[in-house]
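The values are calculated or read from the model by the stated rules, or taken from the named source; none is laboratory data. Keep in mind that what you see is a predicted model, and the values were worked out from it rather than measured. Counting neighbours? That spans all protein chains shown, and the Cβs are built from the backbone with ideal geometry, glycine included. Keep in mind that these areas ignore ligands, DNA and RNA; they rest on the heavy atoms of the full protein, side chains included. Shrake-Rupley method; radii C 1.70, N 1.55, O 1.52, S 1.80 Å.
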Amino acid sequence: MADPSSYRPKPGQIPDSPGVYKFRDEHRRVIYVGKAKSLRPRLSSYFQDLANLHPRTRTMVTTAASVEWTVVSTEVEALQLEYSWIKEFDPRFNVKYRDDKSYPSLAVTLNEEFPRVQVMRGPKKKGVRYFGPYGHAWAIRETVDLMLRVFPVRTCSAGVFKNAARTGRPCLLGYIGKCSAPCVGRVTPEEHRELAEEFCDFMAGRTGQYLKRIEQQMREAAEDMEYEKAARLRDDIGALRRALEKNAVVFNDATDADLIAVAEDELEAAVQIFHVRGGRVRGQRGWVTDKVEAVDTAGLVEHALQQLYGEEQGDAVPKEVLVPAMPEDSPAVSQWLAERRGSNVSLRIPQRGDKKDLMVTVQRNAQQALVLHKTRRASDLTTRSRALEEIAQALGLDSAPLRIECFDVSHLQGDDVVASMVVFEDGLPRKSEYRRFQIKTFEGQDDVRSMHEVLTRRFRRYLQEKEKTGEWIQENGATEVPAEPEPNVEDDGRPKRFAYPPQLVVVDGGQPQVAAAQRALDELGIDDVAVCGLAKRLEEVWVPGEDDPVVLPRSSEGLYLLQRVRDTAHDFAIRYQRTKRAKRFRAGPLDEVPGLGETRKHALIKHFGSVKKLRSATIDQICEVPGIGRKTAETVAGFLAQAAPAAPAVNTATGEIIEDDEDIAAAAAVSPPERGQQE
């Protein structure tokens with residue numbers, strides 16, 4: 001690990017002008033490339049106290065061994081040079097988007113004598129006109145098949161074309177009218193190129209003129225009683241319209257725009273792009289990246305723009321680019337895009353109307369892409385095994401933690417304090433063993449005390465189950481084994497709720513929460529369960545008794561698994577806390593009746609219709625309700641007689657007294673019980 005002060009430039013060496021800089025490691029490899037409006041303040045910011053730097057930036061500057069820079073004239077030149085260097089050096093600490101799949105595009109090879117329409121993947125070639133990319137190759141082929149009726153452009157390979165020219169016989173498409181057969185001289189090279197250019201114009205969104213022209217030709221053919229020609233033109237119009245229907249109309253003003261959305265978490269980000277041409281969505285693509293540098297949404301957008309348009313020229317850069325956040329140097333980025341297009345480009349955030357609505361759709365696609373990427377990554381057996389091994393190595397465990405339990409505490413300003421326990425076995429969630437806890441020993445906000453209580457209750461139950469199975473270890477060290485130990489399963493074959501201990505306990509929090517969890521285990525005499533905590537702010541792993549955290553690499557599969565476990569526990573706790581709070585707000589008079597469960601509450605309300613009528617009923621009438629015995633009926637009647645009815649509510653608009661307001665609350669309070677178990 002290098003000391004940044006060892007290669008810090010001397011005062012006055014760094015120029016106060018736009019430029020691009022490179023950090024190199026001890027082997028002279030470029031590990032980071034950046035740009036700045038002014039190099040002096042930007043580079044100076046890297047050499048401040050390490051404690052003040054973002055963890056990713058701190059890792060970069062301590063890995064580097066030298067820094068160098070290049071001065072440029074304008075911010076646009078800096079943007080272009082930064083892109084070129086990132087592409088050339090592939091620095092490890094720069095965000096690099098990677099396609100989550102290889103998207104196919106519809107390509108027209110205008111650089112050939114007889115242009116060809118085909119599906120192409122990979123890097124773009126000079127002189128080829130591209131449309132898309134599309135999500136599936138079959139979508140391109142369906143569109144092309146429809147359009148070849150009107151624009152019979154060559155689609156065959158070079159070998160098939162040369163063979164047809166040698167034999168003088170066209171391929172099948174030439175015979176059925178879906179190719180103009182330039183291979184056998186049915187059309188001249190100039191006529192075939194004109195067909196290809198018309199095909200490109202139609203795909204680029206200039207559809208109205210072609211439809212009108214064909215409709216006019218159809219009417220003229222009908223007037224001349226050339227009905228076969230008119231019918232063929234009618235079918236051509238239908239084919240073009242079906243091709244257009246495959247691309248939904250999103251903007252009625254025939255806008256050309258690209259919409260970019262970003263979904264991100266602490267470690268990864270997903271970018272989705274919708275290409276809109278002529279008001280229709282013509283293509284879609286997406287990227288996923290590891291956030292190896294300290295970058296916000298605006299920075300991710302700037303990197304995406306560089307990758308998307310770095311190799312593009314002319315119409316490939318649309319007139320309008322819509323983004324979720326403006327880059328830091330938005331004027332320079334806009335000017336750079338305009339230079340690549342050859343005319344002005346509007347770079348902005350949509351605020352209202354159809355464009356904002358479509359941006360919501362793009363954002364939803366980005367979020368789903370990130371979730372899908374994480375799901376695929378988590379479901380891979382090899383990846384899960386590597387993650388468990390990394391965790392074991394980082395925490396010094398004897399073996400991989402095949403069962404991990406994570407605990408989290410949730411509350412709202414000290415009210416409705418609850419906790420959650422989630423279980424991961426072999427790196428996958430075991431939802432049937434998730435548990436929920438209410439904090440019972442105190443009231444108020446104290447996450448450390450809450451964590452201690454939850455861990456104590458969970459492992460006390462484990463010891464109770466262990467005692468039942470004959471594995472209880474007495475204080476003198478002897479093992480007491482009963483003649484017929486109980487199995488670790490219930491009568492229906494399911495495992496008992498707390499019969500199995502984890503190899504690793506993860507708590508959501510830092511040193512205080514970890515210390516509380518370890519203290520709970522120590523008080524119960526459990527010494528074969530490891531404990532760690534994952535602090536959300538810096539994603540640091542804390543272990544008991546250590547003053548410094550365990551820092552896992554940002555690309556670590558082990559860190560990713562711990563994050564996923566922690567986030568799952570956090571979401572589970574929040575859902576329970578919100579449910580509990582909502583139930584408290586909906587509480588009715590029957591909730592206070594001791595021994596009255598949800599099913600019998602439903603039965604009472606269904607039978608009498610309201611709490612008001614139930615309050616006026618006799619004990620014998622209450623006994624008529626299915627499932628209600630006389631003792632329960634006496635309890636219900638006595639409790640409702642003691643409880644004063646709520647004051648009547650008043651509709652302030654009409655002055656009407658709403659007498660059955662408590663009945664509404666009671667009906668809401670006896671809604672069907674939610675799934676899940678509570679401990």
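A compact table of results
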| read-out | value |
| --- | --- |
| Gain in span if fully extended, Lys536 to Glu223, counting 0.36 nm per residue against the direct Cα distance | 105.1 nm |
| Residue-normalised accessible area of region 254-293, given per residue in Å² at a 1.4 Å probe | 20 Å² |
| HN-Hα J in Hz across region 47-54 - Karplus 6.51, -1.76, 1.60, θ = phi - 60°, x for Gly and Pro | 10, 7, 4, 4, 5, 8, 8, 4 |
| Accessible area of region 281-417 belonging to carbon and sulfur atoms, whole % at 1.4 Å probe | 46 percent |
| Farthest toward positive dipole pole in region 317-380 [+1 Lys/Arg, -1 Asp/Glu at C-beta], among Asn344, Ala332, Thr361 | Thr361 |
| Relative contact order, percent, region 599-645 [alpha-carbon distance under 8 Å, six or more residues apart] | 33 percent |
| Estimated vicinal HN-Hα couplings, Hz - region 572-577 in sequence order (Karplus 6.51, -1.76, 1.60; Gly, Pro = x) | 5, 5, 5, 4, 5, 5 |
| Theoretical FRET efficiency, 1/(1+(r/R0)^6), r = Cβ-Cβ of Val360 and His607, R0 35 Å, to 0.05 | 0.15 |
| Cross-link pairs Lys126/Lys374; Lys126/Lys178; Lys319/Lys536; Lys440/Lys612; Lys431/Lys536 - those with Cα-Cα distance over 31 Å | Lys126/Lys374; Lys319/Lys536; Lys440/Lys612 |
| For region 56-62, Karplus couplings with θ = phi - 60° (6.51, -1.76, 1.60), whole Hz, Gly/Pro x | 5, 5, 4, 5, 5, 6, 7 |
